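Chemist: Here you go, one structure.
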Amino acid sequence: MPMPNDIGVIDLMLAIPGDDSSTFYDWIKPLLMDRESHELFSMPAQYMFKDIPDTSVKGDAIAYTLVQMDKHGIERAMIGLGFSELQEQALREHPDRFFASYEANPNKGMDEVRKIVALYEEFDIKAVTAAPAMICPPVPVNDKKWYPIYAKLVELDIPFCPCMGVPGPRVPFGPQKVELLDEVLWFFPELRVVTRHGCEPWTDVAWKMMLKYPNLYYMTSAFAPKHYPPDIIDFANKRGSDQVLYAGYFPMGLSLDRIFSEMPDVPFRDEVWPKFLRENAIKIFKLDE
């Protein structure tokens with residue numbers, strides 16, 4: 001079960017670090033109530049991570065990121081629009097290495113639907129992402145505010161990637177209960193949903209729902225490999241090899257050095273590795289189109 005070293009990894013959650021990376025989490029701050037989150041943390045879930053990468057890169061941050069990707073065999077990476085100008089610059093300068101996602105806010109109504117269409121036309125975005133518990137105000141994934149966005153994503157044929165499970169930042173977790181996806185997946189059977197950030201502590205619900213709904217998938221963002229949930233690994237090794245995908249968390253909380261030093265110890269079966277690291281991403285996000 002060794003991890004292959006020459007597969008051309010696709011990382012489904014990465015960002016370009018730089019002096020402006022401190023603004024990544026400004027949109028969450030209105031919801032944070034405790035002093036520690038505001039005054040002591042450099043990122044709102046800092047208590048959960050050790051050795052958070054230094055995001056203040058001197059010199060060319062895009063070139064630095066490409067070096068880090070090459071070091072670990074990452075061929076392409078998904079980066080989010082709207083957080084810093086560096087992300088947009090990287091997409092324009094290196095379309096062979098980066099592809100785009102957009103973090104949506106359904107509170108904006110049809111203006112947000114139009115924004116998604118505009119970004120799809122300009123950047124060929126491959127996904128719309130969301131942190132339902134951290135939008136201000138929060139919007140649960142089964143709230144009807146999302147439905148115009150879901151309908152447009154079906155029309156554009158691109159996935160929805162919500163953070164699910166108890167969020168790291170100190171905000172209420174209700175909008176990210178995994179069970180809330182049941183209604184969405186039932187009503188939108190053509191919508192591909194790829195969960196982010198672990199689905200914990202409801203991973204048993206997540207894999208059972210993946211058995212139920214072929215349009216539901218799971219990515220490993222924000223988890224160091226040694227902390228991948230055992231039941232998700234077991235699901236990937238059995239009936240779920242086409243539904244579990246690799247995503248990192250560089251530079252927000254994990255270094256690529258740490259991720260790929262731990263990755264070989266994940267007990268995936270031989271046939272799962274290519275799907276996990278590359279093939280599922282190509283298929284689900286239509287990266288070959």
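Every read-out reported here was derived from the displayed coordinates using simple, explicitly stated rules and does not represent laboratory data. This structure is a prediction, so every number in the text was calculated from the model and none was measured. With ideal geometry, Cβ positions are generated from the backbone for all residues, glycine too; neighbour counts draw on all protein chains shown.
Chemist: Given the options Tyr249, Tyr217, Tyr228, which has the most mean-square fluctuation in a GNM of the chain, springs set between C-alpha atoms less than 10 angstrom apart?
Modeler: Tyr228
Chemist: Multiplying the sequence separation of Tyr147 and Lys212 by 0.36 nm and subtracting their Cα-Cα distance, what value in nm do you get? Write down the numbers at each step before the final one.
Modeler: Numbers: separation 65, 0.36 × 65 = 23.40 nm, distance 2.12 nm.
Separation in residues times 0.36 nm, less the Cα-Cα distance, equals 21.3 nm.
Chemist: Students often forget the sequence filter, so: which lysines lie under 24 Å Cα-Cα from Lys108 once same-chain residues fewer than 8 apart are removed?
Modeler: Reachable lysines: Lys29, Lys126, Lys144, Lys145, Lys152, Lys177.
Chemist: Calculated FRET efficiency, Asp157 and Ala118, Cβ-Cβ r, R0 25 Å, to nearest 0.05?
Modeler: Working: r = 17 Å, r/R0 = 0.67.
After rounding to 0.05, the efficiency reads 0.90.
Chemist: Let me ask something else about it. Which order do Tyr64, Tyr150 fall in if you start with the one that has the fewest other Cβ atoms within 10 Å? The partial results should precede the final answer.
Modeler: Values: Tyr64 16, Tyr150 20.
Ranked by crowding around the Cβ, least crowded first: Tyr64, Tyr150.
Chemist: For Tyr217, which sequence-distant residues (separation of 5 or more, or a different chain) have an amide H within less than 5 Å of its own amide H, given hydrogens modelled in the peptide plane?
Modeler: So Tyr217 has HN proximity to Val193, Val194, Thr195.
Chemist: Test of understanding: in a Gaussian network model of the chain with alpha carbons linked when under 10 Å, which of Gly168, Gly253, Gly198 would top the mean-square fluctuation ranking?
Modeler: Gly168
Chemist: In Å and on Cα atoms, what radius of gyration and Dmax does region 60-160 show?
Modeler: Final numbers for Rg and Dmax: 14.9, 44 Å.
Chemist: May I pose another question? With N denoting the number of residues in region 192-273, provide Rg(C-alpha) divided by 2.2 N^0.38 Å, to two decimal places. Spell out each step's value before the answer.
Modeler: On the way: Rg = 12.2 Å, N = 82, 2.2 N^0.38 = 11.7 Å.
Computed over Cα atoms of region 192-273, the ratio equals 1.04.
Chemist: Given a Förster distance of 30 Å, report the FRET efficiency between Cys136 and Asn237 from their Cβ-Cβ distance, rounded to the nearest 0.05. Before the final figure, lay out the partial values.
Modeler: Numbers: r = 39 Å, r/R0 = 1.31.
According to the calculation, E is roughly 0.15.
Chemist: A follow-up question, please. Distance from a point 7 Å along Cα→Cβ of Asn5 to each backbone N in region 69-94: keep the residues under 20 Å and list them by number.
Modeler: 69-76, by backbone N distance to the label point.
Chemist: Additional query: Report the full-extension gain for the segment Phe173 to Asp60: residue separation times 0.36 nm, less the Cα-Cα distance, to one decimal in nm.
Modeler: Numbers: separation 113, 0.36 × 113 = 40.68 nm, distance 3.75 nm.
Going from the current span to full extension adds 36.9 nm.
Chemist: Amide H to amide H under 5 Å from Cys163: which residues, 5+ apart in sequence or cross-chain, H placed 1.01 Å off N in plane?
Modeler: Those lying under 5 Å, H to H, from Cys163 are Ala130, Ala131, Arg196.
Chemist: May I ask you to work out the translational diffusion coefficient for region 136-241 at 37 °C, viscosity 0.692 mPa s, via Stokes-Einstein with Rh from the Kirkwood sum over Cα pairs, reported in whole µm²/s? It would help to have the intermediate numbers written out before the result.
Modeler: Working: Rh = 14.2 Å.
Here the translational diffusion coefficient equals 232 µm²/s.
Chemist: Right, something else. Kirkwood hydrodynamic radius for the chain: how many Å is it when counted over pairs of different Cα atoms?
Modeler: Working: mean 1/r = 0.0525 Å⁻¹.
Every distinct Cα pair counted, the radius reaches 19.1 Å.
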